[in-house]
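Each remark here refers to the structure printed beneath this line.
The values are calculated or read from the model by the stated rules, or taken from the named source; none is laboratory data. These figures come from a predicted structure and were not determined experimentally. Here the Cβ is made from the backbone with ideal geometry for all residues, glycine too, and neighbour counts use every protein chain on show.
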Ligand code: GUN
Ligand code: ZN
């Protein structure tokens, strides 16, 4: 197969940036070339040497003067919530009960799940997100629709059939046995097929009985390589209700610990209001606190103490995510804009290098997938995006005064959105605007 060479300004992170001046944390090629062959990155570096040594015969696509980055990664989204974004509610539990649970009931219809799955991939690719970690609905057919669509699209996606057997409408409940059997079937049907990854997905402790949590534990023991995703400590009222349902547990985190659910591939959505004991336990387990900035602001859930978690003697691993549809934007750029403001309100700084590291390599490392995604390293999957820092008149005007790469990234984060995404490549194929 002929190789394709993409010319542009390449940016790929190597490690966590220690400051806004940490030039050793990334690789930047001001006239760079990325060579793709068979869906993988075959070469990367400065244009002149890559062209001469690695790809003299390659087809060339010129993306100058734009930036070429790894595809963005979103570590927490709800695929059945595309039609509840922007629903007016006082808080999390009101929002779930009034809008979200009724909406998810619609996914009992296969045709509806298939239609929304098509929109899901269109919208994520339009925003430059090439990998997402998704909750489907309780209905197995919703997971089948999601994974079947992803098999057609070719992206690396992590998703799971939601397990929930109480405190929700009848149309949204399974049983411990159903949750176990259907999750096993989803794993058998989809895990490892194409780039599909199945996650064990108990929604949260409020909607799972102890019997269902035990079924979750059985799955986690049977399939230790799988991701586990759930929600934790998002909202004060949620925390109190949860603890009342599991009085034997020390705290909310301890509920998941008791069922063996805390490990290095466990993603804990929100995790805003953790005690020191909980943060220690999560740190020791190596689980991930998933920060969902637009959702936390939209639902008024609280200010995620990212810097405090990272600075602890026992640091908490973190990732970032949109949390569509509690979140209010599909764009990871907009998401990091809000993450920045959440740190500002706590008198902490989140520098633009850290933001772009988090959306790419940082999130890939949180998923234990940095050998495949989140980077432009040779041999990894060719998921990458092309970003225009002057995509709108306001951005073009501001770009006139930008002097450094960090300033440019900060501008992209502050004023950018899907309009800045010129193209999205999944396994080497251009997918923006193509259903
Ligand atoms: N906690 C349990 N389910 C959900 C959900 O769908 N969205 C959010 N934001 N929090 C939850
Ligand atoms: Zn969520």
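Data table
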{"read-out": "Cross-chain or 6+ apart pairs with Cβ under 7 Å, segment 292-313 first and more than 16 Å from ligand 2 (Cβ to nearest atom), then assigned to a helix (DSSP H, G or I)", "value": "303/342; 306/343; 307/343; 309/279; 312/279; 312/283"}
{"read-out": "Matching option when the condition is modelled with pLDDT of 95 or more, within 17 Å of the chain's Cα centre (by Cα) and more than 16 Å from ligand 1 (Cβ to nearest atom), among 156, 151", "value": "156"}
{"read-out": "Number of the condition not met by residue 55 [criteria: (1) surrounded by 21 or more Cβ atoms within 10 Å (Cβ to Cβ); (2) away from ligand 2 (no atom under 16 Å from the Cβ); (3) modelled with pLDDT of 95 or more]", "value": "(3)"}
{"read-out": "Residue 112 vs. criteria outside any strand (DSSP E or B) and without any contact (Cβ under 8 Å) to a residue 12 or more places away in the chain", "value": "yes"}
{"read-out": "Only listed residue being surrounded by fewer than 16 Cβ atoms within 10 Å (Cβ to Cβ) and assigned to a strand (DSSP E or B), chosen from 30, 49, 19", "value": "30"}
{"read-out": "Segments classed as helices (runs of 4 or more DSSP H), wholly inside segment 357-435, with at least 3 members that are buried (at least 22 other Cβ atoms within 10 Å of the Cβ)", "value": "363-366, 405-415"}
{"read-out": "Which listed residue, of 279, 271, is within 14 Å of ligand 2 (Cβ to nearest atom), closer than 20 Å to residue 342 by Cβ and either at pLDDT 95 or above or not assigned by the TED database to the domain that holds residue 331 (or both)", "value": "271"}
{"read-out": "Residues satisfying the stated conditions in segment 328-356, i.e. within 12 Å of the chain's Cα centre (by Cα), within 16 Å of ligand 2 (Cβ to nearest atom) and not in a helix (DSSP H, G or I)", "value": "330"}
{"read-out": "Among residues of segment 267-305, those that are within 12 Å of ligand 1 (Cβ to nearest atom) and closer than 17 Å to residue 205 by Cβ, counted", "value": "7"}
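Quick grid of which residues meet (1) farther than 26 Å from residue 361 by Cβ; (2) assigned to a loop (DSSP other than H, G, I, E, B):
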position: 221; (1), (2): yes, no
position: 230; (1), (2): no, no
position: 247; (1), (2): yes, yes
position: 273; (1), (2): yes, yes
position: 294; (1), (2): no, no
